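Every number in this text was worked out from the coordinates using simple rules, so none of it is lab data. Because the structure is a prediction, the values reported are computed rather than measured. Here the Cβ is made from the backbone with ideal geometry for all residues, glycine too, and neighbour counts use every protein chain on show.
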Amino acid sequence: YACEIPFGDGSDGSFNPANMNSLNHYAYGSIGNWLYTQLCGLETLELRLERMCDTAQMVAERLGDHPAVHGLRYPGLPGDPSFATARRQMANGGFLIGLTLTDAARAEAFLARCPYLAQSTSFGATHSSAERRARWGDAVAPGFLRLSVGIEPAEVLWQAIDIALTGG
């Protein structure tokens, strides 16, 4: 039944019009609505990516000077081992940052204290997220965090990160 309704069946262009009432139609509507909301934003993708990458560059630069950070990977920083390759292949350093704190406990505390970081494996969303990969069995330092920068106001995001890192 899901295939019998074409995309954009609703008069308003929605994927889940009110007359869909079977389980298959609702499932179709949910998936279709998700696709619509994700793909509809393609016209602003360049703006979102620019904001994410610019903010990530600023955050990475400041993390490099932060006393709580014991390791940092971001290809947009001149000291990063992948900097030269990134400059040849990328327009900027991207929106993913790898940072290492002293240990798992400090990393978990940081994640719990920072209100702007959703604890998830989610990259490229409008909201920033972070995760401690060692909890999933990855062969990384226990305090290693992977941070995906979103489009929050840059200074507000940085202040929240800084406060969370310093134990505030």
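If you add up the charges near LEU117, with Lys and Arg at +1 and Asp and Glu at -1, over every other residue whose beta carbon is less than 14 angstrom from its beta carbon, what do you get? Neighbour charge sum, excluding LEU117 itself: -1. Calculation over all alpha carbon pairs of region 66-168 in 5 angstrom steps from 0 returns a P(r) of 2, 13, 22, 25, 21, 13, 4, 0 percent.
Peptides 83-89, 155-161, 142-148 ranked from most to least packed, by the mean per-residue count of other Cβ atoms within 10 Å: 142-148, 155-161, 83-89.
Output the peptides 118-127, 57-66 sorted from most to least packed, where packing is the average of other Cβ atoms within 10 Å over each peptide's residues. It would help to have the intermediate numbers written out before the result.
Details: 118-127: 13.9, 57-66: 17.1.
Top to bottom by mean Cβ count within 10 Å: 57-66, 118-127.
For the pair THR126 and ALA105, a Förster radius of 25 Å applied to the C-beta separation gives a FRET efficiency near 0.25, rounded to the nearest 0.05. The relative contact order of region 32-141 comes to 19 percent, based on Cα pairs under 8 Å that sit 6 or more residues apart.
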